[in-house]
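Shown next, in structure tokens, is the structure this report addresses.
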Amino acid sequence: MSTSSRSQYIATHVWQWPVDLHAYDRTAHLRPAEQQALDRVIQQFDGPGSHVWSPLTNEALARLVRPLYDVLAAIGAGEKTRGSAVSLLLRQMQARHTSFWAWGPEEWSEILCPSFQLFKQKHHSSHARQDMLAIAYLLGGFTDLFSLGVIQAIPFAQKIFGQEATEAAIQRIQAGVQELGYGPTRAKYDLPGVVCTILLHNRSPYLEDITMERLVQLTQGTKGARFNRDVVAISSVLATRGILPHPLVFTSQEEGLGNKGAWEGVENEWLHWCQRWYDTSTLAPQTRKVAYYHLLKVGRWLKQKHPEIHTPEEWTRELAAEWVAAVERMKVGEWIQDERSKQKERGKPLSPRAIDKHLAALRVFFRECQEWGWIARRFDPRRSFGTPRSVRALIGPDPRIIADDVWAKLLWAGLNLTSDDLPAATGLPKAKGNPWYPLEMVRAMVVVWLFTGLRRDEFRRLRVGCVRWQHQDVPVPGTEDVLRKNAICWLDVPIHKTGSAFTEAVDRVVGEAIEAWERVRPVQPVSVDPKTAEVVHYVFSYRGKQIGLGYLNDSLIPLLCRKGGIPERDARGDITSHRARSTIASQLYNAKEPLTLFDLQEWLGHRLLSSTQHYAKKSPTKIAKAYEKAGYFERNMRMVEVLIDQDVVKSGRASAGEAWRFYDLGHGYCLYDFFDQCPHRMACAKCSFYRAKGSSQAQLLEGKANLLHMLQEIPLNEEERAAVEDGIVAMERLCQQLADVPTPAGPTPKQLGAEKQKMSTVIPVERVRRK
């Protein structure tokens, strides 16, 4: 909030501090006269008779008593409780030999503790503790209210700030949280006490004075997760009012890191190195956390196998090779302290991917320790902790695709979702509880998950206005809805883990669902994108915060499975948010007009094409159809016309060796029975089995009416197919390759060619002699 706006608000809601500290003598030590007067007063309290002070005593204790009575009068304390509170404080000043101005938080906490023995005495009212707490708050600057156990924050805040100022702050927060989407029950019963606690810690009834630092301090204590969630809700209201730059982000991501169970069995010195690396590394939080627990496994292994090794500087290549072998033979649950973890899989060998992750943690750990100068470079971690080749060969693209029938049921469930399918926020029946998220928001989330193939982090970080429409024609006013049916819907995806922001084309149902939610979406506070540090508005934000990291897998997908009547787990494991990414990519890759791998790379937002190969997989049906269209068998076979002389077969002359089957070569016939095995069938060398069509025998064969024409499939090799497909040049090349290959008759084509050439040279000589 700007300075002028804050000043204007405070001017209309005037509140002043109940007492002026500068008007008092705040000397810490007691003067001799004050100490003597306190001794006399305490004796009167403990002895019989009247407790009326003498004028001398009143004068000596005026510096100490007047501030106490001023505070009690300002908060409206009763006459009976005033005396009890003052007497208790005088006793403490007499026993500690200091004035209350010298007491710090520890002294006030000790005095105001509920178990303080003076509060157990019957003649001291229980209200005296509240009055003393007001004195400590207004005069001693005491704000550590949580150290005192349970206190009534609302009545106490009304005593300090006044009922009007306190109620005004509470009502502003109640109205704000209901605008964000919270129910009236939480606004009425849960938040007022937290609002008063924040005001008391901030020492001001004005919401405009609350700072982010103060809220962070409150959430770092031991108040509990419920209190922290309420503080986050209040910070969201303050952000929407412009008081805070953004809501407070309270996550439990680091909870459980380095807990007692995780540390057991690990030497302190190795644990110190692991913690030092964890605090220094710049890896993503979840990646760093997983590597940290792998390093603790190494620590337990070292303690049992090599107790003499305590630091990474003492490692050698031999020890690294021993650890690689141990990981390759490791079983699930080995070197884990928690016996309850992975009960169903214990004893099974580690998967190849798990082995690679274990070794990758050591590679990163030792590489960064060497690069930061913490240890000497005694070996190369990349090679010493490299994943064995036999393990790497088992790791390949294997997308966990959801079966088509199961995916179809999920689509039906998502597109037919109703409010009756949503669980109640409080776990009550629908008649008593409302859904945690509105139906429009859940529908938008379901459609985005089913049609976009986004990662879980990209899904959560979609921003308001992420949908754009591209019209092919300029819309005429009043016809936008008609043209939108033929428009392209673009979805702007934010920066992700492997690359920059990108835009993908999606089905129009995605754009319609997101826009339907944005029309009814309550005004939400701005948030800070953890990846870009930008102040943004998340589209899937409700009640002042974005959806949780586990909402998709823990709530939304089980809801769709129940709606579709399918189990939450199939043969490939649990149905998770990331499996939809593989399913959609594979369906686009196997479509009637499929996307290429390069198209999918752009659509999925991958930086490397190899990443896309882990999501797209050809379906067996698609491969079978492609194989059938390829015509492998037909490609390697050619149809050759065969003539059968039935007279020779019927008369029995075929058994005597007379030719009865003639292969038509176009320019002649081949009488060789095993023509399909002859290497010269495509480039006939015209051996003795050849009959030219111009000969009298060939003309007689063609004239016979009883010849049976048949077709025979002849397998062709690569050269023969090239001769058929590439023409004369390939034929000449084939003839050259077969020049020295014997024909069925015996001689090679080169020898047959030499005989023909000899005959052509001899005949003219004879003709000359005859002449």
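The values are calculated or read from the model by the stated rules, or taken from the named source; none is laboratory data. Everything quoted here is computed from the prediction, not taken from an experiment. Every residue, glycine among them, receives a Cβ derived from its backbone with ideal geometry; neighbour counts consider all protein chains shown. Just the protein is used for accessible areas: all its heavy atoms, side chains included, with ligands, DNA and RNA removed. Shrake-Rupley method; radii C 1.70, N 1.55, O 1.52, S 1.80 Å.
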Can you find a residue in segment 541-563 that is in contact with a strand residue (DSSP E or B) (Cβ under 6 Å, 6 or more places away or on another chain) and not aromatic (Phe, Trp, Tyr)?
yes
Which residue out of ILE395, ILE375, ILE355, ILE336 is at pLDDT below 90 and in contact with an Asp or Glu (Cβ under 7 Å, 6 or more places away or on another chain)?
ILE395
In segment 377-421, how many residues are of a type outside the set (D, E, K, R) and under 30 Å from ILE557 (Cα atoms)?
20
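So in segment 212-225, with the set limited to residues that are touching a residue at least 24 places away in the same chain (Cβ under 8 Å) and open to solvent by 10 Å² or more (accessible area, probe 1.4 Å), which one is nearest to the chain's Cα centre (by Cα)?
ALA225
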May I ask you to list the residues in segment 148-182 that are under 42 Å from the mean Cα position of the chain (by Cα), open to solvent by less than 30 Å² (accessible area, probe 1.4 Å) and not aliphatic (A, V, I, L, M)?
GLY176, GLY181, TYR182
Within segment 434-446, restricting to residues that are more than 16 Å from GLY550 (Cα to Cα) and open to solvent by 10 Å² or more (accessible area, probe 1.4 Å), the one that is modelled with the lowest pLDDT is ASN434
In this structure, does GLY564 turn out to be under 23 Å from the mean Cα position of the chain (by Cα) and either touching a residue at least 12 places away in the same chain (Cβ under 8 Å) or surrounded by fewer than 16 Cβ atoms within 10 Å (Cβ to Cβ) (or both)?
no
If a residue has to be under 24 Å from GLY453 (Cα atoms) and either open to solvent by 40 Å² or more (accessible area, probe 1.4 Å) or modelled with pLDDT under 55 (or both) to count, how many in segment 472-496 make the cut?
7
Give the residues of segment 158-198 that are touching a Ser or Thr at 6+ places or on another chain (Cβ under 7 Å) and within 16 Å of PRO18 (Cα to Cα), sorted by residue number.
GLN158
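Which one of these is crowded, with 19+ Cβ neighbours inside 10 Å, among the small types (Gly, Ala, Ser), outside any loop (DSSP other than H, G, I, E, B) and at pLDDT 85 or above: ALA505, ALA513?
Residue meeting the stated conditions: ALA513.
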All but one of (1) in a loop (DSSP other than H, G, I, E, B); (2) among the hydroxyl-bearing types (Ser, Thr, Tyr); (3) more than 27 Å from SER527 (Cα to Cα) hold for THR166; state the number of the condition that does not hold.
(1)
Return the residue satisfying two criteria in turn: it lies in segment 142-163 and is among the small types (Gly, Ala, Ser) and not in a helix (DSSP H, G or I), and of such residues it is modelled with the highest pLDDT.
GLY162
Take segment 538-582 and flag every residue that is in a helix (DSSP H, G or I) and of a type in the set (Asp, Glu).
ASP554
Segment 375-394 - residue that is of a type outside the set (Ser, Thr, Tyr) and in a helix (DSSP H, G or I) and, of those, surrounded by the most Cβ atoms within 10 Å (Cβ to Cβ):
PRO381
Quick one: in segment 413-422, which of the residues that are assigned to a helix (DSSP H, G or I) and over 17 Å from VAL448 (Cβ atoms) is most open to solvent (accessible area, probe 1.4 Å)?
ASP420
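Is it the case, given these coordinates, that GLN94 is at pLDDT 85 or above, over 29 Å from TRP15 (Cβ atoms) and open to solvent by 10 Å² or more (accessible area, probe 1.4 Å)?
Answer is yes for this residue.
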For segment 1-60: of the residues being modelled with pLDDT of 70 or more, of a type in the set (S, T, N, Q) and more than 25 Å from ILE243 (Cα to Cα), which is surrounded by the most Cβ atoms within 10 Å (Cβ to Cβ)?
THR57
Counting only residues that are surrounded by 16 or more Cβ atoms within 10 Å (Cβ to Cβ) and modelled with pLDDT of 85 or more, which one in segment 242-265 is farthest from the chain's Cα centre (by Cα)?
ILE243
Going by the structure shown, is LYS188 among the basic types (Lys, Arg), at pLDDT 85 or above and in a helix (DSSP H, G or I)?
no
When segment 365-374 is examined, which residues are found to be in contact (Cβ under 8 Å) with a residue 12 or more places away in the chain, surrounded by fewer than 16 Cβ atoms within 10 Å (Cβ to Cβ) and not hydrophobic (A, V, I, L, M, F, W, C)?
ARG367
Kindly evaluate THR596 against the criterion of being β-branched (Val, Ile, Thr), more than 31 Å from the chain's Cα centre (by Cα) and open to solvent by 60 Å² or more (accessible area, probe 1.4 Å).
no
Does segment 347-364 contain at least one residue that is more than 30 Å from GLY573 (Cβ to Cβ), out of contact with any His (no Cβ under 7 Å at 6 or more places or on another chain) and either in contact (Cβ under 8 Å) with a residue 24 or more places away in the chain or open to solvent by 60 Å² or more (accessible area, probe 1.4 Å) (or both)?
no
State all residues of segment 523-540 that are modelled with pLDDT of 90 or more and either touching an Asp or Glu at 6+ places or on another chain (Cβ under 9 Å) or hydroxyl-bearing (Ser, Thr, Tyr) (or both); if no residue qualifies, say none.
TYR538, VAL539
